[in-house]
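The values are calculated or read from the model by the stated rules, or taken from the named source; none is laboratory data. All of these numbers come straight from a predicted model, not from anything done at the bench. Positions of Cβ are generated from backbone atoms using ideal geometry, with glycine treated the same way; all protein chains shown enter the neighbour counts. Please note that ligands, DNA and RNA were not included when accessible areas were found on the heavy atoms of the full protein model with its side chains. Shrake-Rupley method; radii C 1.70, N 1.55, O 1.52, S 1.80 Å.
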Amino acid sequence: MMAASGVASRIERVELHEFTYEAHGFGRDGHGVLCCKPGGVETVGAFCLVIATADGMRGEYVPMHSGKNPAVAAQVAALAPRLLAQDAFAREGIWHTLRWSQRHLGAVGLSAIDVCLWDLAGKAVGQPIARMLGGYRDRLPAYASTTHADRNGVLSSKAAFADFAVKCRELGYRGFKIHGWGEADPREEAANLLHVRRAIGPDMALMLDPACTLRTFADALYVGEACDEAKCFWYEDPFQDMGTAPTAHRRLRERLRTPLLMTEHVRTLEAKVAWVQEGATDFLRADPEYDQGITGTMKTAHLAEAYGLDLEIHAAGPAQRHLMAAMRNSNFYELSLVAPGVRNPIPDIYACDYSDELEAVGSDGCFPVPTGPGLGVEYDWDKIGRSTINVRRWSASAV
């Protein structure tokens with residue numbers, strides 16, 4: 001694709017704005033994971049990437065989750081100089097070049113760059129990314145995905161989880177996913193799951209994600225049998241192989257009726273193929289913030305489709321919405337990470353009506369797809385600026 005003049009739009013400037021925000025009502029558990037803590041305040045890091053061309057086009061992107069990890073910003077900064085003077089519309093070529101250059105790192109830094117380039121392209125042609133990808137739907141069925149369980153009186157008991165699940169059902173959510181305790185006591189996890197199922201009844205989809213905390217295969221099997229009893233929609237990343245061992249999960253899958261959802265922690269398209277070929281998962285997982293952007297995630301979606309599998313998009317955000325909107329083989333939008341009495345611990349940086357707050361779900365249990373050009377959101381640069389701690393800039397004219 002070329003600019004309207006027929007001349008390639010060369011990237012003139014790249015900016016990385018690093019900022020912080022406060023997550024009120026949160027602390028961290030023994031693993032360093034955000035969980036609810038009444039009266040707590042956690043300062044969280046984030047960044048915004050800007051890519052601008054010599055002829056005045058501009059892409060912007062704030063990752064909702066990966067930006068919390070300073071290693072991701074460092075990878076983006078390492079790649080930024082390589083973008084200068086490149087054709088901003090040559091996304092496929094840039095994707096392959098930068099992917100190769102970060103082959104030892106899973107090319108996570110490429111993710112934000114690719115999404116930002118898609119935002120730029122959408123703005124240039126006046127179309128939302130979902131439509132540029134082909135378009136399939138404009139309403140996304142959603143499930144409420146909880147923060148990790150805590151010991152601080154919020155999501156700290158099976159009664160608290162059940163009450164919250166019922167609230168989510170009443171708000172219209174079609175599914176509810178539990179993230180359990182870091183201690184990962186299999187009996188506590190199983191009892192919590194079964195109690196929630198009894199509270200919400202049989203019609204709401206129920207999922208469990210131990211987030212790789214169960215210690216052994218035996219623990220994973222025990223909790224998996226509770227998933228069978230609860231008729232879970234899926235069982236995700238159960239034990240401490242870190243979600244990267246296909247053989248172990250094939251064996252687990254052979255013993256359970258509940259479908260497994262894996263590959264959140266498996267980087268690169270090719271590495272996910274082994275999970276399909278070994279029969280180690282029922283659903284694939286991908287995330288534009290970790291799986292090499294919109295380009296990489298759509299490649300994974302098409303891989304899954306070719307094998308007759310569904311692909312579930314990880315986490316919430318504008319990029320996630322556009323991707324799911326362009327896919328047939330996906331079931332739910334993950335509204336993460338939510339809990340009673342607190343706002344979602346993601347950056348509050350929008351100057352438009354976009355929201356990933358719990359109460360933003362529609363009466364039909366769905367979230368809308370942004371209809372504006374590119375990502376379809378407007379960032380509040382005054383708010384970002386007030387919280388900015390560092391800005392790095394690269395310019396083609398300075399090279």
Reported set for segment 162-185 where residues are part of a helix (DSSP H, G or I) and either surrounded by fewer than 23 Cβ atoms within 10 Å (Cβ to Cβ) or at pLDDT below 95 (or both) is ALA162, ASP163, VAL166, LYS167, ARG169, GLU170, LEU171
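Only one residue in LEU252, LEU221, LEU208, LEU261 is buried (at least 17 other Cβ atoms within 10 Å of the Cβ) and under 22 Å from ALA160 (Cα atoms), so which one is that? Spell out how you get there, then give the answer.
Details: LEU252 fails: under 22 Å from ALA160 (Cα atoms); LEU221 fails: under 22 Å from ALA160 (Cα atoms); LEU261 fails: under 22 Å from ALA160 (Cα atoms).
Checking each option against the conditions leaves just LEU208.
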Of the numbered conditions (1) loosely packed, with under 15 Cβ neighbours inside 10 Å; (2) touching a residue at least 24 places away in the same chain (Cβ under 8 Å); (3) in a loop (DSSP other than H, G, I, E, B), ASP353 satisfies every one except a single condition; which is it?
(2)
How many residues, within segment 88-131, are of a type outside the set (A, V, I, L, M, F, W, C) and open to solvent by 20 Å² or more (accessible area, probe 1.4 Å)?
13
Please state which one of ALA85, ALA77 is open to solvent by 10 Å² or more (accessible area, probe 1.4 Å) and either at pLDDT below 95 or part of a helix (DSSP H, G or I) (or both).
ALA77
Return the residue satisfying two criteria in turn: it lies in segment 186-220 and is touching a Pro at 6+ places or on another chain (Cβ under 7 Å) and assigned to a helix (DSSP H, G or I), and of such residues it is farthest from ALA144 (Cα to Cα).
ASP219
Regarding GLY376, is this residue open to solvent by 20 Å² or more (accessible area, probe 1.4 Å) and in a loop (DSSP other than H, G, I, E, B)?
yes
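With the requirement that a residue be open to solvent by 30 Å² or more (accessible area, probe 1.4 Å) and either among the small types (Gly, Ala, Ser) or under 15 Å from ARG187 (Cβ atoms) (or both), what does segment 224-235 give you? Write out each step before concluding.
Applying the first criterion (open to solvent by 30 Å² or more (accessible area, probe 1.4 Å)) to segment 224-235 yields 225, 229, 231, 233.
Selection gives GLU225, GLU229.
Looking at PRO340, is it part of a loop (DSSP other than H, G, I, E, B), surrounded by 24 or more Cβ atoms within 10 Å (Cβ to Cβ) and of a type outside the set (Lys, Arg)?
no
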Among (1) free of Cβ contacts under 8 Å to residues at least 40 places away in the same chain; (2) outside any helix (DSSP H, G or I); (3) more than 22 Å from TRP234 (Cα to Cα) - the single one ARG131 does not satisfy:
(2)
Tally the residues that are in contact (Cβ under 8 Å) with a residue 40 or more places away in the chain and among the acidic types (Asp, Glu), restricting the search to segment 151-182.
1
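For (1) within 20 Å of the chain's Cα centre (by Cα); (2) among the charged types (D, E, K, R); (3) part of a helix (DSSP H, G or I); (4) more than 24 Å from ILE346 (Cβ to Cβ), each residue gets a yes or a no:
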residue	(1), (2), (3), (4)
MET242	yes, no, no, no
THR258	no, no, no, yes
VAL276	no, no, yes, yes
THR281	yes, no, no, yes
ASP291	yes, yes, no, no
LEU311	yes, no, no, no
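If I ask for residues that are outside any helix (DSSP H, G or I), over 21 Å from HIS322 (Cα atoms) and touching a Leu at 6+ places or on another chain (Cβ under 7 Å), which ones from segment 88-106 would you list?
As a first pass, look at segment 88-106 and keep what is outside any helix (DSSP H, G or I): 88-90, 102, 106.
Next cut, over 21 Å from HIS322 (Cα atoms) only: 102, 106.
Within segment 88-106, GLN102 is the sole residue that qualifies.
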So the strands (runs of 3 or more DSSP E) completely within segment 1-70 holding 3 or more residues that are free of Cβ contacts under 8 Å to residues at least 24 places away in the same chain are 34-53
I'm told ALA142 meets every condition in (1) touching a residue at least 40 places away in the same chain (Cβ under 8 Å); (2) touching a strand residue (DSSP E or B) at 6+ places or on another chain (Cβ under 7 Å); (3) over 27 Å from GLY39 (Cα atoms); (4) surrounded by fewer than 23 Cβ atoms within 10 Å (Cβ to Cβ) except one. Can you identify the failing condition by its number?
(4)
Which numbered condition trips up GLU270, out of (1) part of a loop (DSSP other than H, G, I, E, B); (2) at negative phi; (3) not hydrophobic (A, V, I, L, M, F, W, C)?
(1)
